[in-house]
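> Next up is a structure, given as structure tokens.
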Amino acid sequence: MAMTTRTITTPPASAPGSAPVAPPARVLAVPPAAPGDAAAYFAARLAFHTDVADVHASLASGAGGFAVVDSRSTEAWDQGHVPGAVHLPTADIPRLAPDTLDPDVPVIVYCWGPGCDGATRAALALARLGYRVKEMLGGIEYWIREGYAVETWEGTAQHPADPLTAPVGADDCGC
């Protein structure tokens, strides 16, 4: 696919006594991709990722057709996990996935949060076994920060939504 580029030029300096000319925007130092290239990139990105709000909405609506996998340790699982998730630590995926997951059902995998590649490693292991898989961006951290309930070894727990990650008093962000 051919990439279309656009040259950004710096306007001439202001004449004495005229209004100053703003420097070019840093955000455009590398021009945006052509619309077709951008559409292909973002469509591909959405094929590999989903977010906690979409997973929660799908689970809450009763929509089926996917499995949610928590790829963290047993201690982390006990501390709190997405209700209905399957516990499948990354290191155990090659051994346990064939007896735990239906290969015809897409898998949504998560770990701790955006600072952890555990879900990426788990998604890779599942893909290598032939599963269709997406990574849940934000992991359990953003699940909790958005105010969704978790199951723990003590029962169900829920914390108020963090106003930096979810709108106060709304069911969703409207994205």
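> At a Förster radius of 22 Å, what calculated FRET efficiency corresponds to the Cβ-Cβ distance of Glu154 and Asp99, to the nearest 0.05?
Taking R0 as 22 Å, the efficiency between Glu154 and Asp99 is 0.20.
> Determine the gain in length on full extension of the stretch Ala127-Ser61; use 0.36 nm per residue of separation and subtract their C-alpha separation, reporting nm with one decimal.
21.1 nm
> What stretch of the chain, leaving out the sites themselves, is the longest with no trypsin sites (Lys or Arg not before Pro) in a DSSP loop having at most 14 other Cβ atoms within 10 Å?
7-131
> Nearest 5 percent is fine: what portion of the DSSP beta bridges confined to the chain is antiparallel?
So the antiparallel bridges in the chain amount to around 25 percent.
> If I model a spin label at Ala29 and Asp171 as a point 7 Å from the Cα along the Cα→Cβ vector, what separation in nanometres do I get?
4.4 nm
> Read through the labelled values (1) 1.03; (2) 1.40; (3) 0.96 and report the label of the one computed as Cα Rg over 2.2 N^0.38 Å from the structure.
(2)
> Next up: Could you list which residues have their amide H under 5 Å from that of Val86, counting only those 5 or more apart in sequence or on another chain, with H placed in the peptide plane?
For Val86, the qualifying residues are Val68, Val69, Asp70.
> Length gain on complete extension for the stretch Leu46 to Ala19, per 0.36 nm per residue less the alpha carbon to alpha carbon distance?
5.3 nm
> May I pose another question? Which residue fluctuates most in the GNM of the chain (Cα springs below 10 Å): Pro20, Pro35, Pro160?
Largest GNM mean-square fluctuation: Pro20.
> For Glu146, what residues show an amide H to amide H distance below 5 Å, using hydrogens built from the backbone and excluding near sequence neighbours?
Here Asp162 satisfy the definition.
> State, as an integer percentage, the relative contact order of the chain based on alpha-carbon contacts under 8 Å between residues 6 or more apart.
19 percent
> Over region 41-131, what relative contact order in percent results from Cα pairs under 8 Å that are six or more residues apart?
29 percent
> Treat every Asp and Glu Cβ in region 19-175 as -1 and every Lys and Arg Cβ as +1, leave all other atoms uncharged, and give the resulting dipole magnitude about the Cα centre to the nearest 20 debye.
620 debye
> Only Cα pairs within less than 10 Å get springs; with that Gaussian network setup on the chain, which residue of Ala119, Ala97, Ala38 has the largest fluctuation?
Fluctuation is largest for Ala38.
> Using a 1.4 angstrom probe, figure out how much accessible area the chain has per residue, in square angstrom, rounded to the nearest whole.
Solvent-accessible surface per residue comes out at 64 Å².
> Given a 10 angstrom Cα cut-off, can you work out which residue in Thr156, Thr90, Thr50 is the most mobile in a GNM of the chain?
Highest fluctuation among the options: Thr156.
The values are calculated or read from the model by the stated rules, or taken from the named source; none is laboratory data. Model, not experiment: these values are computed from the prediction. No Cβ is skipped: glycine too gets one built from the backbone with ideal geometry, and neighbour counts run over all protein chains shown. In case anyone asks, the SASA skips ligands and DNA or RNA and just uses the protein heavy atoms, side chains included. Shrake-Rupley method; radii C 1.70, N 1.55, O 1.52, S 1.80 Å.
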